[in-house]
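Structure, as structure tokens:
The values are calculated or read from the model by the stated rules, or taken from the named source; none is laboratory data. Computed from a predicted structure; not experimentally measured. Note that we place each Cβ from the backbone using ideal geometry, even for glycine, and neighbour counts take in every protein chain shown.
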Amino acid sequence: MRILIVDDVPDNIRVLSHILRDAGYQISAATNGRKALSLASTSKPDLILLDVMMPEMNGYETCAALKADPTLAEIPVIFVTALADVEDETRGFDLGAVDYITKPFNDVIVRRRVQTHLELKQQRDRLARLSYFDSLTALPNRRAFDERLDQEWHRALRNQTSLAIAMIDVDHFKAYNDSRGHQAGDEALRMIAAVLRQPSQRAADFMGRYGGEEFVGLVNGASLDGLRDVVEQLRARVESLHIVHAAPVEPRWITVSIGAALCQPSSLFVPAQILLDAADRALYCAKQDGRNRVHV
Ligand code: GH3
Ligand code: MG
Ligand code: MG
Ligand code: MG
């Protein structure tokens with residue numbers, strides 16, 4: 001596991017690195033708050049040991065900045081500092097730190113506390129994986145989608161940008177299962193998920209498994225034409241997998257139908273559900289029109 005040590009005094013970094021590297025952790029270091037923030041963003045450490053007294057941006061300010069960034073807020077922070085007053089310590093906890101170690105410290109105690117918080121972090125990560133990801137396809141699940149939709153809806157409202165939902169449903173999948181077996185059906189869903197989440201210039205910004213043989217995508221800030229390009233590319237990617245059907249359906253391989261809808265949210269009183277309903281209706285149209293097509 002990776003630990004980021006932040007301290008303006010290189011000797012302090014050396015001492016802590018020594019204690020922790022011996023315990024098998026991978027160490028990176030920063031000598032000021034700004035470097036710490038950028039290193040945390042790029043290397044996503046599992047734990048941050050943070051000094052308080054540093055020039056320019058002190059440890060408290062650095063911790064506040066970490067907690068304000070949703071992509072970094074989950075990284076546990078332990079203050080390691082000579083400031084030993086109760087007020088200093090409570091301030092550290094108020095800012096969201098998980099622990100507070102005062103200098104001079106004892107090597108064994110530092111190692112144990114670090115170990116405890118890394119174990120807790122591992123358990124949290126595992127729980128998050130289990131509750132937000134689908135085990136068959138490794139895509140975010142319905143719960144993750146619901147939360148993300150809510151976030152993106154509010155963001156689009158704030159920024160006055162568009163938000164689009166694409167509902168993707170595998171065509172004649174019951175027939176595929178019936179003819180090839182459930183195992184092969186599972187494998188097909190895995191392959192479809194893999195091409196749907198493939199990053200590219202015209203990929204969706206979020207792709208999840210909505211349930212069964214249905215997937216759902218979110219596209220931020222697109223025009224209607226842009227959205228058409230994205231969903232048409234998704235449809236084409238699945239078709240080009242050429243997963244051959246044994247059942248007598250046309251074409252001979254697995255395809256998807258996609259219904260997409262776009263809007264610019266204008267009021268908090270309008271729920272994101274209306275966009276989901278519109279995408280659902282579009283999907284119904286794509287199916288009615290003959291499948292293996294998009295309806296925007
Ligand atoms: P349509 O083109 O109208 O969508 O037809 P369809 O057969 O795809 O639709 P239907 O809703 O009748 O059938 C969906 C099938 O998807 C039925 C179900 O067995 C299958 N399915 C759903 N989840 C899974 C899964 O996790 N694994 C496998 N193998 N099959 C699944
Ligand atoms: Mg210092
Ligand atoms: Mg379906
Ligand atoms: Mg289907």
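Here's a check for you: in the range 133-161, which residue that is of a type in the set (A, V, I, L, M) and buried (at least 18 other Cβ atoms within 10 Å of the Cβ) is farthest from ligand 4 (Cβ to nearest atom)? Full working, then the answer.
Filtering the range 133-161 for residues of a type in the set (A, V, I, L, M) gives 136, 138-139, 144, 149, 156-157.
The next check asks that each one be buried (at least 18 other Cβ atoms within 10 Å of the Cβ); those that pass are 139, 144, 149, 156.
On the way: 139: 17, 144: 21, 149: 21, 156: 29 Å.
Going through the qualifying residues, I end up with 156.
Checking each residue in the range 116-174 for being within 16 Å of ligand 3 (Cβ to nearest atom), of a type outside the set (Lys, Arg) and in a helix (DSSP H, G or I) picks out 145, 173.
Annotation note: Cβ proximity below 6 Å between a residue of the range 157-172 that is of a type outside the set (S, T, N, Q) and a residue that is at pLDDT below 95 and more than 16 Å from ligand 3 (Cβ to nearest atom) (sequence gap 6+ or interchain) occurs for 157/265. If the Cβ limit is 6 Å and pairs must be 6+ apart or interchain, which residue in the range 210-236 that is among the aromatic types (Phe, Trp, Tyr) pairs with which residue that is within 16 Å of ligand 2 (Cβ to nearest atom)? Hits for this filter: zero, empty list.
Take residue 237 and tell me if it is more than 25 Å from residue 148 (Cβ to Cβ) and of a type in the set (D, E, K, R). Working first, answer last.
Values: more than 25 Å from residue 148 (Cβ to Cβ): no; of a type in the set (D, E, K, R): yes.
The answer is no for residue 237.
Per-residue answers, yes or no, for (1) touching a Phe, Trp or Tyr at 6+ places or on another chain (Cβ under 9 Å); (2) assigned to a helix (DSSP H, G or I); (3) small (Gly, Ala, Ser):
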| site | (1), (2), (3) |
| --- | --- |
| 188 | yes, yes, yes |
| 193 | yes, yes, yes |
| 217 | yes, no, yes |
| 222 | no, no, yes |
| 231 | no, yes, no |
| 235 | no, yes, no |
| 242 | yes, no, no |
| 248 | no, no, no |
| 251 | no, no, no |
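Does residue 112 satisfy the criteria of being part of a helix (DSSP H, G or I) and in contact (Cβ under 8 Å) with a residue 12 or more places away in the chain? Let's see the steps before the verdict.
Values: part of a helix (DSSP H, G or I): yes; in contact (Cβ under 8 Å) with a residue 12 or more places away in the chain: no.
In short, no.
The residue list 281, 252, 209, 190 contains one member that is within 21 Å of the chain's Cα centre (by Cα), of a type in the set (Lys, Arg) and surrounded by fewer than 16 Cβ atoms within 10 Å (Cβ to Cβ), which is 190.
Return yes or no: is residue 209 part of a helix (DSSP H, G or I) and modelled with pLDDT of 95 or more? Answer is no for this residue.
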